[in-house]
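The values are calculated or read from the model by the stated rules, or taken from the named source; none is laboratory data. Bear in mind that the values here come from a model prediction, so they are computed numbers and not experimental data. Here Cβ is always computed from backbone atoms with ideal geometry, including for glycine, and neighbour counts include all displayed protein chains.
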Amino acid sequence: MAQHSEDLFKSVISHAKEYGFIFPSSEIYDGLSAVYDYGQLGAVLKKNLRDYWWKSMVQMHQNIVGIDASIFMHPTVWKASGHVDAFNDPLIDNKDSKKRYRADVLIEDYVAKLDAKIQQEVEKAAKRFNPFDETLFKSTNPRIQEYLAKRLNTMERFKTAMESNDLNAVRDLIIDLEIVCPVSGTRNWTEVRQFNLMFSTSMGSVSEEASTLYLRPETAQGIFVNYLNVQKSGRLKLPFGIAQTGKAFRNEIVARQFIFRMREFEQMEMQFFVKPGSEMEWYEHWKTKRLQWHIRLGLGANLYRFHDHVKLAHYANAACDIEFNFPFGFKELEGIHSRTDFDLKQHEQYSGKKLQYFDSETNQHYTPYVVETSVGLDRLFLAVMSASLKEEQIEQDTRTVMQLPPFLAPYKAAILPLLKKDGLPEFSMTLLKSLQPYIELFYDEKDTVGKRYRRQDAIGTPYCITVDHQSLEDSTVTIRYRDTMHQERMHSTALLAFLTQNTGMATVLQGV
RNA sequence: GCGGAAGUAGCUCAAUUGGUAGAGCUCCAGCCUUCCAAGCUGGAGGUUGCGGGUUCGAGACCCGUCUUCCGCUCCA
């Protein structure tokens, strides 16, 4: 990481805290690793980003609807999706080689070695004896008996340990079997740790099996399990999309880089259901469309790039990321995946329910294919903040300004009486009250006006409205532009239209 | 998890060999001010991350612990 980028990243983090955008979670208790809270300004900025996405997807598309599925889901959902089996591995590190292994794989390799030894004995014997009875030989040869007993014993112990979730027993087994690290050749092992992707919790007092619930690791499954409900109740025809924003939870092994990788985070996902065979066309469509959506934020088109996945997940037949140039380099911001019919097929199989679509044009039943767009809201937040935060040199003075896209700014304008006397605060308050129902405003009468301008610059407020003595006479005010610091005089009755036009979302959405 | 660095006021940092915890900014109450920070007066704010130990005496030395940052490792 280049020095200036590192400094930028640090200044983004401290700026976020200093001005109430993001705080470390539970900070008075020393914080909680990789968990953050959004403060009074961060919550608004985040909400505005979520609104921009939701309106772009749902409000601007007649064939996309939005839902809000719960975080808790039936445990079988995660069996069907593959999350339970794929991310439930006991891991162990060798302290000398610093290599990490799956403990179960080490044990399986050991068992495979025993099998190979048995096979060797059998082959040797086959050459010696003729005729050769393999079954008889296996059941009588003492060496093979020893191997088989060891094998059986190992498997039993491993099975018992895994079933009772006893990771210490797994480690003991590895020690007892004298398994060495293939790289360092030593037996200097750490504890066995289970890095479950999913957080689990329990619900009620139903049967033992059903009581364990998972906090969802992705919002997508809430869409898949509701797809037929939505399609039927909304009388939707292919192609159509279901959008959703919401929290997801992943127990990352190492979670770092501020809000880039958090254990609790918010996703904005849209699953687009299409006729099989048309998925690549729609994949390309959404690739283009999603990139444009990001570029429309106005942070700079050069900050984005596509990264096509070469190695595809088993369920995808095409996948790419939209990467953003964060202070720590280009990293994934949004993923676009052609997920085929994998998820719906899995849920059909596990639930035993038909999840097919009836195409009235062709008179056919089929399972739709899915194109997914999935963006991390927190990553988007970080992208916007780090690209907006600027430090300007003005003569001997430095100005810290957050050049947020105006429609995202927590406050659209600040109302500032030039002096805290002569009736200027009263006039300002009247103005504030008349505009407040329409626009998010900030009122400040403390300190010199220059200082107040700078405070607004630091939190990204695009306009400052200053009330002076002339305002009392003719109801005009000055409006000051954040990015240029220029100001012009305007009648107070023109403010609402001006601010709506320049800080509203409508103009941006028109291009979607 | 391993290795390295660092934790002192809201923020940035001082504190000589171990000898009374301080400054600037911020914040609060006023004063002064007719458009771009750092004018004046007064005030608040700390169990030096936490717990032990050595010492007459610890912010400093020793041990433990927690957190953060950097690198490695992992990441559907």
Checklist entry - Does residue A:391 satisfy being in the same structural domain as residue A:259 (by TED's automatic domain parsing), in contact (Cβ under 8 Å) with a residue 12 or more places away in the chain and surrounded by fewer than 20 Cβ atoms within 10 Å (Cβ to Cβ)? => result yes
Checklist entry - So how many residues does region A:76-87 have that are part of a helix (DSSP H, G or I) and either surrounded by 17 or more Cβ atoms within 10 Å (Cβ to Cβ) or within 10 Å of RNA strand B (Cβ to nearest atom) (or both)? => result 6
Checklist entry - Considering region A:470-487 alone, what residues qualify as being near RNA strand B (Cβ under 8 Å from one of its atoms) and charged (D, E, K, R)? => result A:480
Next on the checklist: For region A:1-23: of the residues being within 8 Å of RNA strand B (Cβ to nearest atom) and touching a helix residue (DSSP H, G or I) at 6+ places or on another chain (Cβ under 8 Å), which is modelled with the highest pLDDT?
Outcome noted: A:13
Item to check | residue A:337 in a strand (DSSP E or B), free of Cβ contacts under 8 Å to residues at least 12 places away in the same chain and either outside the structural domain of residue A:236 (by TED's automatic domain parsing) or closer than 24 Å to residue A:80 by Cα (or both) | outcome: no
Item to check | Matching entry among A:375, A:371, A:384 (being under 18 Å from the mean Cα position of the chain (by Cα) and outside any strand (DSSP E or B)) | outcome: A:384
Checklist outcome for this item: Those residues of region A:398-456 that are in contact with a His (Cβ under 9 Å, 6 or more places away or on another chain) and surrounded by 20 or more Cβ atoms within 10 Å (Cβ to Cβ) come to a total of 3
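Per-residue answers, yes or no, for (1) hydroxyl-bearing (Ser, Thr, Tyr); (2) at pLDDT 90 or above; (3) touching a Ser or Thr at 6+ places or on another chain (Cβ under 8 Å):
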residue: A:381; (1), (2), (3): no, yes, no
residue: A:400; (1), (2), (3): yes, no, no
residue: A:441; (1), (2), (3): no, yes, no
residue: A:447; (1), (2), (3): no, no, no
residue: A:453; (1), (2), (3): yes, yes, no
residue: A:464; (1), (2), (3): no, yes, no
residue: A:481; (1), (2), (3): yes, yes, no
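So that you can scan it fast, the table gives a plain yes or no per residue for (1) surrounded by fewer than 21 Cβ atoms within 10 Å (Cβ to Cβ); (2) of a type in the set (D, E, K, R):
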position: A:283; (1), (2): no, no
position: A:287; (1), (2): yes, yes
position: A:308; (1), (2): yes, yes
position: A:332; (1), (2): yes, yes
position: A:340; (1), (2): yes, no
position: A:344; (1), (2): no, no
position: A:348; (1), (2): yes, yes
Checklist entry - Any idea which of A:195, A:258, A:265, A:199 is at positive phi, within 16 Å of RNA strand B (Cβ to nearest atom), at pLDDT below 95 and within 19 Å of the chain's Cα centre (by Cα)? => result A:258
Next on the checklist: Residue under question is residue A:356, and the condition is that it be assigned by TED's automatic domain parsing to the domain that holds residue A:239 and away from RNA strand B (no atom under 16 Å from the Cβ); does it hold?
Outcome noted: yes
Checklist entry - Would you say residue A:500 is more than 15 Å from RNA strand B (Cβ to nearest atom), of a type in the set (S, T, N, Q) and outside the structural domain of residue A:384 (by TED's automatic domain parsing)? => result yes
Checklist entry - Out of all the residues in region A:476-512, which are of a type outside the set (D, E, K, R) and assigned to a strand (DSSP E or B)? => result A:476, A:477, A:478, A:479, A:481, A:487, A:490, A:491
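Conditions (1) closer than 19 Å to residue A:64 by Cα; (2) within 16 Å of RNA strand B (Cβ to nearest atom); (3) among the acidic types (Asp, Glu); (4) in contact with a helix residue (DSSP H, G or I) (Cβ under 7 Å, 6 or more places away or on another chain), marked per residue:
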{"position": "A:309", "(1), (2), (3), (4)": "no, yes, no, no"}
{"position": "A:315", "(1), (2), (3), (4)": "no, yes, no, yes"}
{"position": "A:320", "(1), (2), (3), (4)": "no, yes, no, yes"}
{"position": "A:362", "(1), (2), (3), (4)": "no, no, no, no"}
{"position": "A:370", "(1), (2), (3), (4)": "yes, yes, no, yes"}
{"position": "A:382", "(1), (2), (3), (4)": "no, yes, no, yes"}
Item to check | Filtered residue count, region A:24-63, keeping only those that are charged (D, E, K, R) and modelled with pLDDT under 90 | outcome: 3
